[in-house]
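Following: one structure in structure tokens, then a few remarks.
The values are calculated or read from the model by the stated rules, or taken from the named source; none is laboratory data. Note that the coordinates shown come from a computational prediction; the quantities given were computed from them, not determined experimentally. Positions of Cβ are generated from backbone atoms using ideal geometry, with glycine treated the same way; all protein chains shown enter the neighbour counts.
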Amino acid sequence: MFITEIEDPIREDQPVEKVEKVDMDKGNKPEKEQKKEESEFAGRGEPNPDFIGILINAMQDAREEDFDYLHFKNNLKSLNHLDFDAPTQFKTAYAIAKNQGVDRDSLVKSASSFIEVLEREKEKFNQSLETQKQKRIELRKENIRKLRDQIFEKQTEIEKLEEEIRQLEGDIGKEKDELQENRERIERTSADFSASLEFLKKKISADIESLKKYLD
């Protein structure tokens with residue numbers, strides 16, 4: 001596995017001492033071609049020394065005892081200190097390889113086999129990456145969905161409470177109307193009672209005056 005944590009994929013306890021045995025230069029392909037092979041994060045991904053080390057270790061583990069492509073790459077590396085152009089370097093390294101019974105087709109076949117090794121490592125990496133995706137991305141998506149559900153529930157509760165508040169405010173308005181009507185009714189009743197009382201008192205007082213005036 002390449003990664004244990006997607007947030008820090010280059011931190012590995014796996015030693016990469018084998019990297020020193022072969023120097024895989026990253027200049028074999030034109031820059032434009034390399035960019036075409038980049039993922040959807042084009043412009044962000046860069047060759048990572050730790051990843052390169054892990055991949056080279058996988059290639060080292062898959063190599064055979066016979067002279068192979070990695071031996072050829074080591075021969076190329078050993079010629080770096082010489083002022084050779086690329087064709088001369090390849091031809092010189094190939095001459096060394098031919099002395100060990102290696103021909104061009106066997107080197108091409110060997111190099112192709114290491115591409116297959118890298119493809120298998122890619123599958124392992126993608127599986128590990130998918131695990132991290134499920135663990136971290138899908139989990140976060142599920143948490144977001146739950147949080148949105150909670151927000152929806154709270155919004156529903158808020159709307160319900162707002163409706164209850166509107167109903168209570170309506171009840172307050174009705175109570176105020178009833179209060180005003182009752183106040184007016186009480187005041188009118190009190191006024192009618194007072195008027196009725198004064199009316200009877202005047203009648204009685206008038207009769208008293210008549211009694212005193214007309215009777216001995």
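Filtering Phe90, Phe84 for residues that are hydrophobic (A, V, I, L, M, F, W, C), within 29 Å of Ile54 (Cβ to Cβ) and surrounded by 12 or more Cβ atoms within 10 Å (Cβ to Cβ) leaves a single hit, Phe90.
Condition check ((1) part of a loop (DSSP other than H, G, I, E, B); (2) among the hydrophobic types (A, V, I, L, M, F, W, C); (3) modelled with pLDDT under 90) across all residues:
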| site | (1), (2), (3) |
| --- | --- |
| Asp23 | yes, no, yes |
| Lys32 | no, no, yes |
| Asp50 | no, no, no |
| Met59 | no, yes, no |
| Phe67 | yes, yes, yes |
| Leu76 | no, yes, yes |
| Asp83 | yes, no, yes |
| Ser112 | no, no, no |
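Checking each residue in the range 112-149 for being free of Cβ contacts under 8 Å to residues at least 40 places away in the same chain, within 30 Å of Asp68 (Cα to Cα) and aliphatic (A, V, I, L, M) picks out only Ile115.
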